Amino acid sequence: MRPRSGRRGSTLVEGSIILLLYMVIFVGILDMGQVFFFHHFLTERVRTGVRYAVVHTYDPTAIQNVVAYNSSVARPSGSSGLFGLTPSQVAVNRYDPDTPNDRIEVSVNAFTMHFMSPWLMRDFTPGPFRAVMPVESLGAAH
């Protein structure tokens, strides 16, 4: 059996390896949590925008502002909306107007996420987030 003096520093080396492993796992969990959070956030924003679009008078600029700022009123140019979302990243399309198939689509494109992981220090742009609903009254009084 070796004397204890020959094993000095082994605890420090083993502890640093375990700490490094835990930090890698922790940062990976944070990155995945961020992806899930922004997926939910962007899905909720396009749903809010399309719900606003189908019950108010059709105004693409107001719909873009609702998605980006949670308000139909535009903010000063250059200001970013919720979590950096801007109206230019929001697309609004209306299909088959004034027909029974009239519907509005709201989508968010080119929203960029930034990873925290040292091995993934890059930007990630997920695919577009879309929501489509049939048009109802568009703000008309009955």
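The values are calculated or read from the model by the stated rules, or taken from the named source; none is laboratory data. Keep in mind that what you see is a predicted model, and the values were worked out from it rather than measured. All Cβ positions, even for glycine, are placed from backbone atoms using ideal geometry, and neighbour counts span all protein chains on display.
Listed by first and then second residue, the pairs linking a residue in segment 9-24 that is within 22 Å of residue 121 (Cβ to Cβ) to a residue that is among the aromatic types (Phe, Trp, Tyr), with Cβ atoms under 9 Å apart and 6 or more places separating them unless they lie on different chains, are 24/119. Annotation: of all residues in segment 96-108 being under 12 Å from residue 54 (Cα atoms) and part of a strand (DSSP E or B), the one that is farthest from the chain's Cα centre (by Cα) is 103.
Can residue 41 be described as surrounded by 14 or more Cβ atoms within 10 Å (Cβ to Cβ), at pLDDT below 90 and hydrophobic (A, V, I, L, M, F, W, C)?
Details: surrounded by 14 or more Cβ atoms within 10 Å (Cβ to Cβ): yes; at pLDDT below 90: no; hydrophobic (A, V, I, L, M, F, W, C): yes.
Criteria not met by residue 41.
Output the number of residues of segment 55-86 satisfying the condition of being assigned to a loop (DSSP other than H, G, I, E, B) and of a type in the set (Phe, Trp, Tyr).
Of segment 55-86, the ones assigned to a loop (DSSP other than H, G, I, E, B) are 56-59, 70-81, 85-86.
Narrowing the set further to residues that are of a type in the set (Phe, Trp, Tyr) leaves 58.
Looking only at that region, the number is 1.
Considering the conditions (1) at pLDDT below 90; (2) out of contact with any strand residue (DSSP E or B) (no Cβ under 8 Å at 6 or more places or on another chain); (3) of a type outside the set (A, V, I, L, M), residue 61 is excluded by exactly one of them, (1). The condition (being exposed (fewer than 15 other Cβ atoms within 10 Å of the Cβ) and touching a strand residue (DSSP E or B) at 6+ places or on another chain (Cβ under 8 Å)) is satisfied by just one residue among 50, 46, 54, 35: 35.
The residues of segment 74-132 include none that are charged (D, E, K, R), over 25 Å from residue 57 (Cα atoms) and at pLDDT 90 or above.
Name, by its number, the condition in (1) closer than 24 Å to residue 126 by Cα; (2) part of a loop (DSSP other than H, G, I, E, B) that does not hold for residue 41. Tallying (1) closer than 24 Å to residue 126 by Cα; (2) part of a loop (DSSP other than H, G, I, E, B), residue 41 fails exactly one: (2). Quick one: in segment 81-92, of everything that is surrounded by 13 or more Cβ atoms within 10 Å (Cβ to Cβ) and not hydrophobic (A, V, I, L, M, F, W, C), which residue is farthest from residue 132 (Cα to Cα)? Among those residues, the one meeting the criterion is 81. If the condition is being farther than 13 Å from residue 71 by Cα, under 14 Å from the mean Cα position of the chain (by Cα) and in contact (Cβ under 8 Å) with a residue 40 or more places away in the chain, then segment 40-57 contributes 41, 42, 43, 46, 47.
Taking segment 70-79 as the range and being farther than 20 Å from residue 51 by Cβ and surrounded by 12 or more Cβ atoms within 10 Å (Cβ to Cβ) as the test, only 75 passes. Yes or no: segment 109-130 includes at least one residue that is among the β-branched types (Val, Ile, Thr) and assigned to a helix (DSSP H, G or I). Checked against the condition, which is being among the β-branched types (Val, Ile, Thr) and assigned to a helix (DSSP H, G or I), segment 109-130 yields no hits at all.
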